[in-house]
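Reviewing the structure listed below.
Please treat every number below as a calculation from the coordinates, not as lab data. All values reported here derive from a predicted model rather than from experimental measurement. Glycine also receives a Cβ, built like all others from the backbone with ideal geometry; neighbour counts cover every protein chain displayed.
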Protein chains: 4
Amino acid sequence: MALPPELRALAAEVSNWGRWGDDDELGTLNLIDDAAIARGLAAARTGVRIPLAMRLDANGPQLGNVPGRINPLHTMVAINQTYTGDVGDACFNDDTITMGLQAATHWDALGHVGYDGFLWNGFPASTVSADRRLTRCGIHRVTSVVSRAVLLDVARAKGVDMLERGYPITEADLESAVELAGLRPEPGDIVLVRTGKMALFKARDREGYTISPSPGLTVGTIPWLRRHDVAAVAIDTFAMEVWPGEDPAVLFPVHMIQLRDVGLFQGQNFDLEALSAHCAADGAYEMLLVANPEPVTGGAGAPTAPVAIK
Amino acid sequence: MALPPELRALAAEVSNWGRWGDDDELGTLNLIDDAAIARGLAAARTGVRIPLAMRLDANGPQLGNVPGRINPLHTMVAINQTYTGDVGDACFNDDTITMGLQAATHWDALGHVGYDGFLWNGFPASTVSADRRLTRCGIHRVTSVVSRAVLLDVARAKGVDMLERGYPITEADLESAVELAGLRPEPGDIVLVRTGKMALFKARDREGYTISPSPGLTVGTIPWLRRHDVAAVAIDTFAMEVWPGEDPAVLFPVHMIQLRDVGLFQGQNFDLEALSAHCAADGAYEMLLVANPEPVTGGAGAPTAPVAIK
Amino acid sequence: MALPPELRALAAEVSNWGRWGDDDELGTLNLIDDAAIARGLAAARTGVRIPLAMRLDANGPQLGNVPGRINPLHTMVAINQTYTGDVGDACFNDDTITMGLQAATHWDALGHVGYDGFLWNGFPASTVSADRRLTRCGIHRVTSVVSRAVLLDVARAKGVDMLERGYPITEADLESAVELAGLRPEPGDIVLVRTGKMALFKARDREGYTISPSPGLTVGTIPWLRRHDVAAVAIDTFAMEVWPGEDPAVLFPVHMIQLRDVGLFQGQNFDLEALSAHCAADGAYEMLLVANPEPVTGGAGAPTAPVAIK
Amino acid sequence: MALPPELRALAAEVSNWGRWGDDDELGTLNLIDDAAIARGLAAARTGVRIPLAMRLDANGPQLGNVPGRINPLHTMVAINQTYTGDVGDACFNDDTITMGLQAATHWDALGHVGYDGFLWNGFPASTVSADRRLTRCGIHRVTSVVSRAVLLDVARAKGVDMLERGYPITEADLESAVELAGLRPEPGDIVLVRTGKMALFKARDREGYTISPSPGLTVGTIPWLRRHDVAAVAIDTFAMEVWPGEDPAVLFPVHMIQLRDVGLFQGQNFDLEALSAHCAADGAYEMLLVANPEPVTGGAGAPTAPVAIK
């Protein structure tokens, strides 16, 4: 079922269409201004680096639940291969990979989801094709993702290691996390939301991580993120939003409205466990985040290997 | 032909085996210490971000000259696909990719090249296999690459837009670039070497970029890089080293000695054109560089989407 | 430019829409009846087997001229791998492949080409999608291809080893080949057309084979094939039809009319050199042909490893 | 554990090494002589064609139990794509595939399994590499597979639809099937062994088909197949041999001895259900079988789309 009237109203309310011009394909990433970068650099106090990516290999979170989105298949095309037959010469190891672009830690392109025939900023859905892929709102438009990031550790704010299955994250939860963090996201910041669910994957419960009812964002958080003018939001779950959704008749409303109407850049499968522990230990919940997507021309998403620098 | 006596002597001289312990798989990346990070953050003065990656698509630099190393094949597995048939519902675009891990802008894993049966730090070449790939010195060991970087713009230092075909970059050339830069790399810095050759690719001369005789590093630069204890070196060419090599009987001696003996982390196909222009304009040749490789478990290399922050 | 009036008239004239029912997805393959099979079995006199497939490997005919259609990338996922570490145990070699389905010797699915919004038998072009591929007229509908085949060796009939570049094969050429063969195709037969062009590929002139002006079928042969009610036609070239086409404003009219209107099953890159020599030697130009496509669900084409049995 | 003494003795006893010369890479396929072909053609009485291949798609039997062996990933690279933008012009649908070569109905190359450092006919296991794959005993050596085939319907001979889990097929079982068939395999014939297990896959019990204890050949059938000098054996299971094996300390002894010592060409995942019903109905258990593997250069296996012609 399409968006019911109240969600259509919400979409209209939070819409950023035209805000950065009719030809814009970057959405909220436009909000990363000099001030945001300066905040980010200032947040990098000690230089400690905390990587946020899951590994890319066959043991990834994909379980076939999204058709075509496969875990990486990584194969060697050369093993200790010399060009001369003499192992005293350079012996090369070389390899290839086949993967869903959203197989593990990734950003969605703004064109990943649309509805009613349109993508972000009113670009027609027909701009997507098999031969040219995303000619509008493709991930290659995003040449870097650098800003201050704020960890909103919703799980820790609620005093748990992991939010329970299907827990719907509300505006109130985000506010609790703001309180824990001791700082509020400012326009151009990146928000990292932690549910703690990554612990299931680390414990090798892939079904629990990927398929089971999942904690995640509710539609109620959309105005909050919009109001704060965040540049991007990333989360430590497979699906971003609460699953199953709040209204079983409406599938993926958060994806729909965030990507298409707000133009809010979003990422999934970010591993925030080590970051959470570090922030809890030193009390600093802000950082410089660099999380560039691989520049796949016309991509509907791309892997990223983010690093938080505190 | 294997390394002749003088190069074996060089290899022994610059060897870092054991320097960070017998179990080390990170090589010179170990040199990135707090001071290097602090230098990097200090170099990010204005927050301007300059991306350094080539696009990932079928029009990449691979021409079949390295067997198995193919340009990305990028395909859609879903186009505006609804789960319900109603285009008022979320319509998803989803895609996959197949590529050589070193197809475009990338880092080599330290295990990418070995000789005489050994990889970096004495790990046996036999630690590489088809089923487990690089069990030692794989790219996944490199969880982030963040440091100060210095652009050594050899072409600009020599007053040209592009070094000529097959130009052998010597220690003297690096010194000229240091002089142009007005600063010298310190231990833990990353060095970006520019030949200007990327202009050929941008002009759609793929054969010129990929296959023709190429400017690049000579064995004479190995002691210089070693002496400066650089953490990593990246270049704007396909092959890193001068091609054809200085001694036609010895193939890829720079790869051999840098990767296996020095454990010097190296990257190729970095697009340094915009960076070169920016540094020439503001006179600042240092920057914060963040260039994390995608964490492919056991990878012999991985794509990276670097950003220079000045 | 769309089909001009005379070709539209031709298409209407040769159309087989509805001939085998509104739900038919097999087209002329329906013509393979008991009589055709019996003729085929009778033609297998000595049991000599002549394979007709090109090899599947990176040295195939694809040169990037058809976007996305890549030569096979073949990689090992296991090399002499034991499950126990004891080489006295079973040591497995296992591999994977990535390829364009039409990379080498293949059949097109009837759904490979349509126009004006329709595929064979009036199925809408909209039945093709990224997520379900060809839901109509996919190659998986073709569970076997077995019949008598007749070699129409146009090159030999004209007294040459290879037709010249861009040579347009006409009805008269097919008749010459019939005369050389000493027999005429009957309804349900498969026709193999030889230009001799494969010799270029065998001589490693891939550009000559794949890209240069090519001999091939003209629109004038469409009524001839239709009149003879052939079940399928295969050829030893990349493109099936003469290239460039007879009218530079009309691209691929033979594909358009044969696939969409006639529903004539067609194959390309068949290696007919050994078969040609054999038939010339023993004077027998008929054979049992078995050429099953790999049953890719929803495929727009599939590789086949044909064998002619004489 | 390596082969125990009694199995080493068996291997020596059934060994065909050198039988067709020291340079032979075809093994028992050499046994397909004119007589076998003639028998096959004679067995094609009515011309009815029964395909034996499973579909190639993402819903195949691979469940990740064999690392790297993935079900086909099939993607469109062009959907109704015109070169001119005019849908009145040829609109192309084009696609690619990535798959384990043994993902569904396939033949193993003789080089698929070796032990003690050797493959079939004494070729060193070291002839397999990442860059050249199988340089000996690769599947490309098998340019066609055509002969008389005999269905040994072990399940039907035992009066069941499906042999029970882990049922060990013995010589006595094969003899029962010979009795049911009313004919005995002759030298050069292909033997198709039916367990009935494919019914699990058709009922969508993929775990049951692929992973659960499986009926299959025991080492006791090796001398029987050798004695009959069969050219090839194919079965309707994932694993060919009984699983778990008869001796839990010895993994895959049937693969080891059949492939390496006998050089017996073997195939798996053949769908024999329709064939079984047809043979039971008309009492004719012999047929012409054409089952060419796709000619992947250096392949350790390849898909095949077999057809039985009765």
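Chain D's nearest residue to the axis relating it to A, judged by Cβ and reported with the distance in whole Å, is D:98, 3.
Using a 7 Å projection from Cα along Cα-to-Cβ, the label point at residue D:165 is separated from the same position in the remaining copies by 2.5, 6.6, 6.8 nm, smallest value first. For chain D, the dipole from Cβ point charges (+1 on Lys and Arg, -1 on Asp and Glu) about the Cα centre works out to 180 debye, to the nearest 20. Other residues within the sphere of radius under 9 Å centred on the Cβ of residue C:268, judged by their own Cβ, net out at -2 (K and R +1, D and E -1). The other copies place their residue C:280 label points at 5.3, 6.2, 8.1 nm from this one, listed shortest first, where each point is 7 Å from Cα along Cα→Cβ.
When only the Cβ of Lys, Arg, Asp and Glu is charged (+1, +1, -1, -1), the dipole of the stretch C:41-192 relative to its Cα centre reaches about 260 debye.
Let me know the shape class of the stretch A:37-136, please: from the alpha-carbon gyration tensor, a ≥ b ≥ c as square roots of the eigenvalues, rounded when a/c is under 1.5, otherwise prolate if a/b is greater than b/c, or oblate. It is oblate, given that a/c is not under 1.5 and a/b is not larger than b/c. The residues C:135, C:195, A:84, when put in order of fewest to most other Cβ atoms within 10 Å, stand as A:84, C:135, C:195. For a straight C-alpha distance cut-off of 21 angstrom, the lysines reachable from residue A:158 (same-chain residues fewer than eight places away being disregarded) are A:197.
Taking B:134, B:119, B:183 as the candidate residues, the one with maximal mean-square fluctuation in a Gaussian network model of chain B, Cα springs under 10 Å, is B:183.
Shape of the stretch D:182-310 from its Cα gyration tensor (a ≥ b ≥ c, root eigenvalues): rounded if a/c is under 1.5, otherwise prolate when a/b > b/c, or oblate? Cα axes put the stretch D:182-310 in the rounded bin.
When the Cα centres of the stretch B:86-101 and the stretch B:102-131 are compared, how far apart do they sit, in Å? Each part's Cα centre sits 33 Å from the other's. Across peptide D:107-115, the mean count of Cβ atoms from other chains lying within 10 Å of each residue's own Cβ comes to 4. A DSSP coil position with no more than 11 other Cβ atoms inside 10 Å describes the following trypsin sites (Lys or Arg not before Pro) in the stretch C:195-246: C:204. Centre-to-centre, using Cα atoms only, the stretch C:290-310 and the stretch C:22-45 are separated by 15 Å. Each stretch of four or more DSSP H residues adds -39500 (n - 2.57); spread over every residue of chain D, this sum gives -5500 deg cm²/dmol at 222 nm. The lysines whose alpha-carbon is closer than 21 Å to the alpha-carbon of residue B:310, local same-chain residues fewer than 8 away aside, are A:310.
Taking the fewest neighbouring Cβ atoms within 10 Å as the starting point, the ordered list for C:264, A:41, C:7 is C:7, A:41, C:264. Which one, B:235, B:223, B:201, is farthest towards the positive end of the dipole of the stretch B:180-250 when Lys and Arg carry +1 and Asp and Glu -1 on their Cβ? Going by the Cα projections, it comes out as B:201.
Inter-copy label distances at residue D:122, shortest first and taken from points set 7 Å along Cα to Cβ: 4.1, 6.8, 7.9 nm. Electrostatic tally near residue C:282: other residues with Cβ closer than 12 Å to its Cβ, Lys and Arg +1, Asp and Glu -1, net +1. This model, with +1 at the C-beta of Lys and Arg and -1 at the C-beta of Asp and Glu, gives the stretch D:196-275 a dipole about its Cα centre of some 100 debye.
Specify whether the C-alpha gyration tensor of the stretch D:83-174 places it in the rounded, prolate or oblate class, a ≥ b ≥ c being the square roots of the eigenvalues: rounded for a/c under 1.5, otherwise prolate if a/b is larger than b/c and oblate if not. Judged from the Cα gyration tensor, the stretch D:83-174 comes out oblate (a/c at least 1.5, b/c at or above a/b). Once you reduce the stretch B:170-238 and the stretch D:274-288 to the center of their Cα atoms, the two points are 71 Å from each other. Comparing B:75, B:98, B:143 in a Gaussian network model of chain B, where Cα atoms under 10 Å apart are tied by springs, the biggest mean-square fluctuation is seen for B:75. Residues B:22, C:24, D:247, C:189, ranked from the fewest to the most other C-beta atoms within 10 Å, line up as B:22, D:247, C:24, C:189.
Inter-chain neighbour count for C:49-61: the average number of beta-carbon atoms from partner chains within 10 Å of each residue's beta-carbon is 5. Peptide A:165-175 shows a mean partner chain C-beta count of 0 within 10 Å per residue C-beta.
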